[in-house]
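Nothing in this text is a laboratory measurement; each read-out follows from the coordinates by a stated rule. The model shown is predicted, which means the values in this text are computed figures rather than measured ones. Note that each Cβ is placed from the backbone with ideal geometry, even for glycine, and that neighbours are counted across all protein chains shown.
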Amino acid sequence: MARFRMYPTGEQAGVMLGHCAHARYVWNLAVEQHAHWYRGRGTAPGFAEQCRQLTEARRDNAWLRAGNADVQQQALKDFAQAKNARFASGFGEPTWRRKHVHEGFRVIGTDRVPEFEADGSPKLNAKTGKQVMGRSVVVQKLNRRWARVKVPGCGWVRFRLSRNGKGSQLPKAKTFRVTFRNGRWHIAFAVVPVPVEGPGTGEVIGIDRGVKITAALSDGRNLNCPQLTVRERARIRKHQRRAARAPKGSERKSTEYARAARLRAREADRRRDWCEKTSTMLARGYDLVRFEKLSIKNMTRSARGTVAEPGRKVAQKAGLNRVILAQGWGLLRQRTGHKAPGRVEDVPAPYTSLRCSVCGWIDKNSRKSQAEFVCSSCGFTCNADTNAANNVAAGQGGIPRPRRTAGAGGVTTATGRSNTREPQPGRVGIPLFSSSK
Ligand SMILES: [Zn+2]
């Protein structure tokens, strides 16, 4: 994916916000349609059927008709893709899109270009034998720094060519997606990135992702994702507080929210930058990259509970969730996968942080503290995160687990708690934001 910052004029931004609203509306209709499905009720309408229904709905509904048909149809296409990928994508079932949160739309290129087979010969229609023409996005380079793209209803919209080197060439894509987040517009072209060559030495690296240390590598390096400074976090809180106290609908309220959003965008930028650099380093430096298998979605599940049965320690869990998401674990894994296709593995790794990477003994007592690991069986001493990363690097087969310690082992006195639960940080590094947002 190639992503650039977009600079629409005020008028263009207004039209594009309208596109966002239409795309969101159509997407949410599709979500609702599929939510009514239950076992034994025939199949929910697919993409083709939904497109037909959209045409009908546009005929009866003036507001819908006012929107761009391509934008609405592409929202259905996005939905169909999200639905198909729901088991593999990690995002699960497609869910509701919210105003101000999920603002974006997809545009299909209007240019027609001949398509080619993988071997370079022209792609021909099987029936007619005619050249197959594919869609292509209309982009123009203005100069070294700027280019422009055709967006329906807006004419040419400028975007900044922010990459140097080979990235500064114009991206060739069939579609692009426009997003509006934290007060900024971006354009993302759907292009498959060129894979990064590995060193060819067969070197394997294991990565253990944690809250204290974002990524501990099995070669002993500890990498940390940059976070906002304490002062920046205090400034976000200040603007949120001022916005909350400003009268509803006032100019000041939106200004204060915009200031908070700008700081949050800065945090996201730093995280993205770090993930890009780190994933390139991993893809370039190692032939096989092993991540421990995490279910970030399950780990960051809310503790809120229900109205009837409220959960315990809700604010603490919300704070921990925020810290986990601030680490960019998912993005690091995803981008490494893009850059080193076929060279990244997810290792299911229970007890990675409690298992000795030399003898395989699993014992809570081996983990002396957050940072120190001393095996209670063989006495192997190591940094706890490096030990965990070593376990991940060993892969799924890894070190055989001693027989008699299958499950939890060692000599721990019986307590109510599981003795394979790793020690938790007493206090995570980032102070909580105000929990009402
Ligand atoms: Zn040991």
- Note on the structure: Once amide hydrogens are built 1.01 Å from N within the peptide plane, the residues lying 5 or more places from residue 173 or on another chain with amide H under 5 Å from its amide H are 137
- Which ordering of 361, 96 is given by a fewest-first count of other beta-carbon atoms within 10 Å? 96, 361
- TM-like helix rule applied to the chain (DSSP H, alpha carbon span at least 30 Å on the long axis, mean Kyte-Doolittle at least -0.5) gives 10-35
- Note on the structure: The lysines whose Cα lies under 18 Å from the Cα of residue 368, excluding any fewer than 8 residues away in the same chain, are 212
- Spin-label point model (7 Å from Cα, Cβ direction): what's the residue 135 to residue 297 distance in nm? 2.7 nm
- Where a label projected 7 Å from the Cα of residue 184 along Cα→Cβ would reach, residues of region 115-158 with amide N under 20 Å: 145-149, 157-158
- Query: Once the Cα gyration tensor of region 204-348 is found, what semi-axes does its equivalent ellipsoid get, as square roots of 5 times the eigenvalues, in whole Å, sorted largest first?
  - Reply: 34, 20, 12
- Which length gain, in nm to one decimal place, applies between residue 111 and residue 325 when the Cα-Cα distance is subtracted from 0.36 nm times their residue separation? 73.1 nm
- How much FRET efficiency would the formula 1/(1 + (r/R0)^6) give for residue 85 and residue 229, where r is the Cβ-Cβ distance and R0 is 45 Å, rounded to 0.05? 0.75
- Query: With the chain treated as a Gaussian network of Cα nodes joined by springs under 10 Å, which of 314, 138, 191 yields the largest mean-square fluctuation?
  - Reply: 314
- Would you please give the residues with an amide H less than 5 Å from that of residue 218, counting only those at least 5 places away or on a separate chain, with H modeled from the backbone geometry? 206
- Give the order of 87, 176, 47, 116 when sorted by the count of other beta carbons within 10 angstrom, beginning with the fewest. 87, 116, 47, 176
- Query: Which entries in the list 248/313; 277/339; 99/253 go over 20 Å, if you measure between the two C-alpha atoms of each?
  - Reply: 248/313
- Unit-weight point scatterers at every alpha-carbon of the chain, Debye formula, q = 0.05, 0.08, 0.12 1/Å: log10 I(q)/I(0) is -0.24, -0.61, -1.26
- Message: Using amide H atoms built in the peptide plane, which far-off residues or other-chain residues are under 5 Å from residue 159 H to H?
- Response: 7, 147, 148, 149
- Note on the structure: Expected max-MSF residue from 83, 313, 141 in the GNM of the chain (alpha carbon, under 10 Å) is 313
